[in-house]
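The values are calculated or read from the model by the stated rules, or taken from the named source; none is laboratory data. Worth saying up front: this structure is predicted, and the values here are computed from it rather than measured. Every residue, glycine among them, receives a Cβ derived from its backbone with ideal geometry; neighbour counts consider all protein chains shown. These area figures cover heavy atoms from the full protein model, side chains too; ligands, DNA and RNA do not enter into them. Shrake-Rupley method; radii C 1.70, N 1.55, O 1.52, S 1.80 Å.
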Amino acid sequence: MKLKFIVGIVGYTLLGLSTSFQLSEPALAGPAPRTCASRKSPTKGAPTLAQAKAYFICGSELYSKGVGSVTIVRNLKMEMSPKPIFVNAANVDNIREAISSSRENITVDVRKPLYPIRGSFANYTCGANASTCLEYIIVGAKGFCFVDDFSEWHCKMKGNFGAKPRHGVPVPANE
């Protein structure tokens with residue numbers, strides 16, 4: 001009898017836990033954030049411009065579970081310098097500012113080169129079930145493509161608002 005009682009309690013507890021937590025993201029009203037299948041390429045030299053754009057997009061787009069919003073990047077225009085730079089005492093603060101993020105802590109492999117990037121893009125923040133978004137146009141963005149301590153590529157850049165953010169913008173279509 002004790003064993004049945006314990007199994008029953010464990011079963012109800014597991015059932016309660018599985019129904020208390022949402023195990024998957026909700027269905028999104030618009031496009032889902034894009035992700036990188038891998039960040040390991042290239043193993044030598046600079047990423048191509050297409051790779052740099054993909055690494056920027058998958059590092060910028062996200063679903064914020066706590067807030068229930070989706071961030072989407074569209075209209076990305078990017079240039080990448082063919083001349084790499086290395087972290088040194090003179091540029092470390094500028095590099096840190098360009099790649100810092102409040103949502104992730106990425107370390108730069110200082111033994112590997114960084115590739116300066118610049119560009120512009122539209123950033124959309126949409127409620128997960130909303131039909132409209134907040135649109136930010138970012139211009140004069142600058143940053144770097146770099147390899148982290150796990151040999152994974154990241155491309156980060158920050159810029160200025162090109163115009164006041166617009167509310168009520170339709171959810172952007174897939175690119």
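If the requirement is being under 20 Å from R34 (Cα atoms) and of a type in the set (D, E), which of these qualifies: E79, E175?
Criteria check complete, one pass: E175.
Residues of the stretch 131-175 being assigned to a loop (DSSP other than H, G, I, E, B), open to solvent by 80 Å² or more (accessible area, probe 1.4 Å) and free of Cβ contacts under 8 Å to residues at least 60 places away in the same chain, which ones?
Scanning the stretch 131-175 gives D149, F150, K164.
So which residues in the stretch 44-60 are at pLDDT 95 or above and basic (K, R), if there are any at all?
If the condition is that a residue be at pLDDT 95 or above and basic (K, R), then K53 is the only one that fits.
Would you please name the residue that is least open to solvent (accessible area, probe 1.4 Å), looking only at residues in the stretch 114-130 that are of a type in the set (A, V, I, L, M, F, W, C) and not in a strand (DSSP E or B)?
The qualifying residue least open to solvent (accessible area, probe 1.4 Å) is A128.
Go through the stretch 51-96 and report how many residues are open to solvent by 30 Å² or more (accessible area, probe 1.4 Å), charged (D, E, K, R) and touching a residue at least 40 places away in the same chain (Cβ under 8 Å).
Count: 4.
Just need a number here: residues in the stretch 73-113 that are in a strand (DSSP E or B) and at pLDDT below 95.
Selection size over the stretch 73-113: 2.
Please work out if K112 is of a type outside the set (F, W, Y) and in contact with a helix residue (DSSP H, G or I) (Cβ under 7 Å, 6 or more places away or on another chain).
No; evaluated as a whole, the condition is false for this residue.
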